Every structure is written in C-alpha cells, then in structure tokens.
Amino acid sequence: MRTLLPPLILLAFLQVSALGAFTDFSDYTENETFILGETFESLGLSFEVVDLFPLSSLKFFAGLDHAFVIPGPGMEFLLPAGVQEISFPYESGAGRKIVINGVEPVSPSDASFSFLDGTTVAGVSISTTVDFQSGDPDGPFGITGEIGTITMIGPISSFSIAGGELKIDDIFVRVPEPTTAALFLVASVIAMSRRRQRNG
C-alpha cells in the first residue's frame with residue numbers, strides 16, 4: 001500500500017521554501033492611527049509602534065512663523081525567523097532613522113537614506129535607489145526631501161524605522177531558501193518510505 005506522507009512533506013517543504021510576505025496597507029482605511037506600543041498586522045506582516053527617538057534626542061526647529069518637533073514615533077517590524085531580505089519604496093522629509101539588528105548606522109546630520117547605498121550594517125547589505133531629491137542638506141536646517149527604494153539583504157533579525165514626514169509602502173519580506181541539510185532530510189524521508197514499501 002502506498003503512503004501519501006512523502007509527497008505531503010515535500011509539498012509543505014516547497015511551500016515553506018517560497019515563503020515571503022508583502023503588504024501595501026490596502027487593508028486599512030485612510031488616516032487610521034495607532035498609538036505608541038500598539039501592534040497591528042497588515043496582509044500577513046506585523047508591526048509595533050515604537051519610540052525610536054527618546055525625548056533627549058528630539059530636534060526642535062523654529063523658523064518663519066512656526067516651530068515644530070521632529071521626528072515622530074517609528075515602526076518596528078515584528079519579523080519571522082530567518083528573514084533574508086526587506087525592501088520598500090519610501091518618501092521622506094527630515095529626521096530619518098533606521099535600526100538594523102540593533103545597530104543604528106552612523107549618518108550625517110539629517111541625512112537622507114541615500115547615504116546608506118553600498119553600505120553594510122550588522123551583516124546586512126543595503127542598496128538605495130533615489131528617484132527624486134530636493135532641498136539643501138547643507139542649508140540652515142539641514143533638510144532634504146527624497147523619494148526612493150531601500151533594499152536590505154542579509155540575515156535580518158530586527159528592523160525599525162522612523163522619521164518626520166516619512167512614508168513607506170509596498171513592503172516585501174523574504175525568508176531564505178531551504179538549506180542543503182533540509183533537502184537531505186526530505187530525501188531521506190522519501191527513501192525510507194520507499195524501502196518500507198518494498199519490504200512490506
């Protein structure tokens with residue numbers, strides 16, 4: 001009598017090997033808000049609202065007819081084990097900050113994300129593609145606007161991002177392909193099953 005166990009194991013294995021998640025936040029209405037410490041899920045990805053800027057590091061700007069404080073709360077990705085890639089397009093104003101695997105990249109004051117292009121942070125390779133940049137980062141306020149895409153490749157155990165006037169969208173998260181050891185395990189299970197069939 002044939003058993004269905006090996007094909008089922010192989011099917012499950014193939015599904016895991018292609019595991020990835022994507023969200024464009026289309027499951028939320030416009031202007032929906034979350035408070036500090038709150039977690040939320042969007043199309044299979046989970047996030048927590050965090051404060052990446054303690055009060056001592058908040059920046060106060062005064063000019064023209066107003067004053068404002070940047071940046072605001074950030075977002076921590078609640079990642080599954082084994083993530084190997086995160087990518088997303090962004091639009092940013094000022095006060096950007098990211099933390100990868102517990103490490104914050106050293107950056108020029110109020111630098112745009114483009115300074116990360118070609119760098120490696122905590123074992124993660126980062127590339128940025130800038131589609132638009134404006135403003136003067138060397139001006140009195142050191143503020144520039146930017147539209148682009150960030151791609152991070154490597155073992156990512158934690159990732160957080162924050163910024164004033166920062167928008168991110170179309171987030172893709174990928175976990176690794178199966179290892180040789182895992183492939184060997186599946187092949188072994190199939191071989192053992194076939195031996196049982198012949199001997200039984």
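From the list Ser188, Ser193, Ser127, exactly one residue is modelled with pLDDT of 95 or more and over 26 Å from Asp51 (Cβ atoms). Which is it?
Working: Ser188 fails: modelled with pLDDT of 95 or more; Ser193 fails: modelled with pLDDT of 95 or more.
Among Ser188, Ser193, Ser127, only Ser127 is modelled with pLDDT of 95 or more and over 26 Å from Asp51 (Cβ atoms).
Hey, does the stretch 89-98 have a residue that's assigned by TED's automatic domain parsing to the domain that holds Gly123, at pLDDT below 85 and of a type in the set (Asp, Glu)?
No - not one qualifying residue is present in the stretch 89-98.
Restricted to the stretch 135-174, and to residues that are among the charged types (D, E, K, R), over 19 Å from Thr23 (Cβ atoms) and in a loop (DSSP other than H, G, I, E, B), which residue is modelled with the lowest pLDDT?
Looking at the filtered set, the residue picked out is Asp138.
List pairs: first residue in the stretch 105-120 and assigned by TED's automatic domain parsing to the domain that holds Gln84 and at pLDDT 85 or above, second residue β-branched (Val, Ile, Thr) and surrounded by fewer than 15 Cβ atoms within 10 Å (Cβ to Cβ) anywhere in the structure, Cβ distance under 7 angstrom, at least six positions apart or on different chains.
Pro105/Thr119
The values are calculated or read from the model by the stated rules, or taken from the named source; none is laboratory data. For clarity, every value in this text was computed on a predicted model and none was experimentally measured. Please note: Cβ atoms are built from the backbone with ideal geometry, for glycine as well, and neighbour counts cover all protein chains shown.
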